[in-house]
Amino acid sequence: MQRDFSRRSFLTSGAMAAMALRSGLLHALTSATPVTVRTPNGALRGEQSGGVNVFRGVPFAEPPVGPLRFRAPVKAKKWTGVRDATRFSAAAMQADEAGVEKSEDCLCLNIWAPDGKGPFPVYVWIHGGGFTGGYSFAPMFDGTLLAQAGIVCVTVAYRLGVFGFLDVEPLLGADYAGSANNGVRDLMEALAWVRENIAAFGGDPERVTVGGQSAGAKLTDILLGVPSAEPLFKQAISESGGAERVATRESAHAVARGFGEEWRGRAGNKIAELLTAPAALLIETQTHFIERWPQHFPLRAEIDGTLLPRLPVETIAAGSGSRKRLLIGTNREESASFLGPHPAHDPGSADLGNLPVTRFTEVLHKYRVVYPQMADEQLRIRAATAEEYWVPSIRVADALVKGGGTAWMYRLDYAESSGMLRGFAHHSLEVRLVWDRPLAKGEDAAAEAKLAQQMDGAWIAFLRGKTPAGEGLPAWPEYRGNVRPTMAFDTVSHVERQPQEAELRLWDGML
C-alpha cells in the first residue's frame, strides 16, 4: 500500500491542533479579566477566566539570535514595568506548520494556574515533533482542565532542528562544542525558570513533573540521564519515548559535516554565513539535508562528555533518577501511523530511529518465529514499534528502577474507531485521552469518554505524587524489571505481568 504520509510529515503536521479543534474543547478564555503576577523576573499581566489564570509567551531565556545563535541559552534578564502575557510567542523555526508564526526568538513558556494560593503540583509539558517540528501552544495542550483540577500546567518551547540539535563545532570551531544539546539546554533553562518563579503562580517548585509525548517523551527520558538536570524536577511522564535517540560525538560531527556540504552546495554559501544567514535559509537547507542523509532523524542530542557524559540509560541506571518517579508507556501499534495500516514492504532506513536496516532485519526474521500466525504487515508494524518506542521505553524503566527510582508502565491497546487507522492503537492516540479530549462519535463515544476520564485521572493522581489510579481501573502495581507489570488501557483495562516476554528477548543486545 502506498503510504499516505511519512513519519516526518505526521510528526510535524498540524494533526494535534486539528484533533483539538474537532473536539470542541479548546477552553479558549472568554470574558477574561486581567490578572497581574509579580515574579522574581518582573511583573506579568495575564488573563483570568473560569477560575484559571493564564500567562502566555513568557520568556525564560534571552532570544537565541545574533551572537547567541547556536549558543547555550542565556537566562532571561529581569524587566521593569508590567509585561503583557496575553499572547503566545512564535513557534521555533521549522519547515512545516503553515499558518503558525515561527521565529528564532522562541524561548518562551505558557502557564495555566488555578486561581488560589496553592502550593499546587506543577506539570511542565514538552511537545513532540521529531526534533524538527511542533510547538508549545497547540490547542490540544491547553492547560485549562489541568488547572481546574489543581495542577499548574506549563508548556515550553525549545529550539528545533539545526538550531537546537546540530553540533556545529566541526564547522564553526571549538567554541560551539556540544551545540547539538542546545535543545536539551533550553528545556533545562525553562525548568530552572520554573523552579525560581513558579511559586508566584501558586506552583510548588518541589513538586515539578516534566513530561512529553514522542520527541517530547524522548527528551524527558534524556533529561533523566543528565546529571545536572537532577535537581530541576521530581517526576517524569514519558508517552512513546525512550532515550536511545542520542548521537556519539563522532556521528554528530559527521552529521555536521554533511550539513556543511549541503550548505556550501546551495548557491555557494560560505560556512561563516551560518551565523548571519536568514533562519529560513537554514531551515530550507535542513530539509534537503534530511532528505538525503542515510540515517533517519540525523539531528539529535549528543553524548558530548559534559552535559551528557554517556548513554542516558547508563546514567539513569547509575542513580541519576534514584529519587524520581516515572510514568512511562507506549501504544500497541505506534508505527502504523508511519508505515501505514497495511505496509507491503519491510521497514527501511526512513522508518527506523535507532538501528540500521541490516540489524533490524535480523530481528524481524525472528519475529516470524515468535509470532508464526501473525500476518506479515502486522509483524512489520509490531517490530518497528518495538524498535522505536516499546523496547527503548522498557530500557528507561529498567534503568530507573535499577538506579533506585520508582516506575509505572502502561500500554495503550484501545484502538482508533474511525478513519484510515481504525483498529490500531497508533502513535499519539493516547494524547487526546490523557488530556481528556475524546473524539470518538456514535456508539464508540461513551467508551472513549470513559477511558479518557480514567487515563486523565491516573495522570492527575501521579502528578499529585500518588499511585496512578482512575475510577474503574484495576490497581496499578509498580514496575519491576523481572515481572514488568503493565497497565493495558482499553475499554476494559487490565494488568499484565511479563507481557510480550518472548518478543522482548529478541531485542537483547540490539539497542
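The values are calculated or read from the model by the stated rules, or taken from the named source; none is laboratory data. Since the model is a prediction, treat every value here as computed from it, not as a measurement. Reconstructed Cβ throughout: ideal geometry from the backbone, glycine too, with neighbour counts over all protein chains shown.
Scanning segment 186-226 for residues that are out of contact with any Leu (no Cβ under 8 Å at 6 or more places or on another chain) and among the polar types (S, T, N, Q) gives N197, Q213, T220.
The selection criterion, being out of contact with any Ser or Thr (no Cβ under 7 Å at 6 or more places or on another chain) and hydrophobic (A, V, I, L, M, F, W, C), does not hold for L166. So which residues in segment 118-142 are within 23 Å of G202 (Cα to Cα), touching a residue at least 60 places away in the same chain (Cβ under 8 Å) and among the small types (G, A, S), if there are any at all? The answer is G118, and nothing else. Residue check: is G143 surrounded by fewer than 24 Cβ atoms within 10 Å (Cβ to Cβ) and modelled with pLDDT under 95? Considered against the rule, which asks whether it is surrounded by fewer than 24 Cβ atoms within 10 Å (Cβ to Cβ) and modelled with pLDDT under 95, G143 comes out as no. Scanning segment 468-487 for residues that are under 12 Å from A407 (Cα atoms) and of a type in the set (D, E, K, R), we see that the one that is surrounded by the most Cβ atoms within 10 Å (Cβ to Cβ) is R484. Number of residues in segment 136-153 that are part of a helix (DSSP H, G or I) and closer than 23 Å to F233 by Cα equals 6. Screening P392 with (1) at pLDDT below 95; (2) closer than 26 Å to A301 by Cα gives one miss only, at (1). Residues that are assigned to a loop (DSSP other than H, G, I, E, B) and either over 24 Å from the mean Cα position of the chain (by Cα) or modelled with pLDDT of 95 or more (or both) are absent from segment 257-264.
Restricting attention to segment 169-209, the residues that are aromatic (F, W, Y) and surrounded by fewer than 22 Cβ atoms within 10 Å (Cβ to Cβ) add up to 0. For segment 419-472, which positions are under 29 Å from A386 (Cβ atoms), touching a Lys or Arg at 6+ places or on another chain (Cβ under 9 Å) and small (G, A, S)? Of everything in segment 419-472, those that are under 29 Å from A386 (Cβ atoms), touching a Lys or Arg at 6+ places or on another chain (Cβ under 9 Å) and small (G, A, S) turn out to be A425, A452. Among the residues of segment 30-64, the ones that are among the β-branched types (V, I, T) and surrounded by 15 or more Cβ atoms within 10 Å (Cβ to Cβ) come to 6 in all. Contact map, segment 331-358: residues that are closer than 22 Å to S393 by Cβ paired with residues that are acidic (D, E) and in a loop (DSSP other than H, G, I, E, B), Cβ distance under 8 Å, separation 6+ or inter-chain. Pairs shown: R332/D413; S335/D351; F338/D351; L339/D351; G353/E244; N354/E244. With respect to E377, determine if the residue is surrounded by 22 or more Cβ atoms within 10 Å (Cβ to Cβ), among the acidic types (D, E), out of contact with any Lys or Arg (no Cβ under 9 Å at 6 or more places or on another chain) and modelled with pLDDT of 95 or more. Criteria not met by E377.
One line per residue, one yes/no per condition, for (1) of a type in the set (S, T, N, Q); (2) surrounded by fewer than 16 Cβ atoms within 10 Å (Cβ to Cβ); (3) at pLDDT below 95; (4) not assigned by TED's automatic domain parsing to the domain that holds G472:
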{"site": "G404", "(1), (2), (3), (4)": "no, yes, no, no"}
{"site": "Y410", "(1), (2), (3), (4)": "no, no, no, no"}
{"site": "R422", "(1), (2), (3), (4)": "no, yes, no, no"}
{"site": "H427", "(1), (2), (3), (4)": "no, no, no, no"}
{"site": "L433", "(1), (2), (3), (4)": "no, no, no, no"}
{"site": "D436", "(1), (2), (3), (4)": "no, no, no, no"}
{"site": "K441", "(1), (2), (3), (4)": "no, yes, yes, no"}
{"site": "A447", "(1), (2), (3), (4)": "no, no, no, no"}
{"site": "L451", "(1), (2), (3), (4)": "no, no, no, no"}
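A Cβ distance below 6 Å, combined with a sequence gap of six or more or placement on separate chains, defines the contacts here; from segment 390-414, residues that are closer than 16 Å to R505 by Cβ reach residues that are among the aliphatic types (A, V, I, L, M) in the pairs V391/L511; R395/V313. Annotation note: Cβ proximity below 8 Å between a residue of segment 485-505 that is among the basic types (K, R) and a residue that is surrounded by 16 or more Cβ atoms within 10 Å (Cβ to Cβ) (sequence gap 6+ or interchain) occurs for R497/R484; R497/P485; R497/T486.
Of the helices (runs of 4 or more DSSP H) lying entirely inside segment 335-450, the ones with 3 or more residues being out of contact with any His (no Cβ under 8 Å at 6 or more places or on another chain) and hydroxyl-bearing (S, T, Y) are found at 357-370.
Checked against the criterion of being part of a loop (DSSP other than H, G, I, E, B), of a type in the set (F, W, Y) and in the same structural domain as P59 (by TED's automatic domain parsing), segment 154-173 contains one or more residues that satisfy it.
Going by what's in this entry, would G457 be described as surrounded by 15 or more Cβ atoms within 10 Å (Cβ to Cβ), small (G, A, S), within 23 Å of L145 (Cα to Cα) and modelled with pLDDT of 95 or more? When the stated conditions are applied, G457 passes them. For segment 175-206, what are the residues that are part of a helix (DSSP H, G or I) and under 22 Å from R310 (Cβ atoms)? Correct list: Y176, S179, A180, N181, N182, G183, V184, R185, D186, L187, M188, L191. Restricted to segment 18-48, and to residues that are out of contact with any Asp or Glu (no Cβ under 9 Å at 6 or more places or on another chain) and either at pLDDT below 95 or not assigned by TED's automatic domain parsing to the domain that holds I111 (or both), which residue is farthest from A157 (Cα to Cα)? Only one residue tops the list, namely S31.
Taken as a whole, the structure places E503 among residues that are surrounded by 15 or more Cβ atoms within 10 Å (Cβ to Cβ) and either under 16 Å from S238 (Cα atoms) or touching a Lys or Arg at 6+ places or on another chain (Cβ under 8 Å) (or both).
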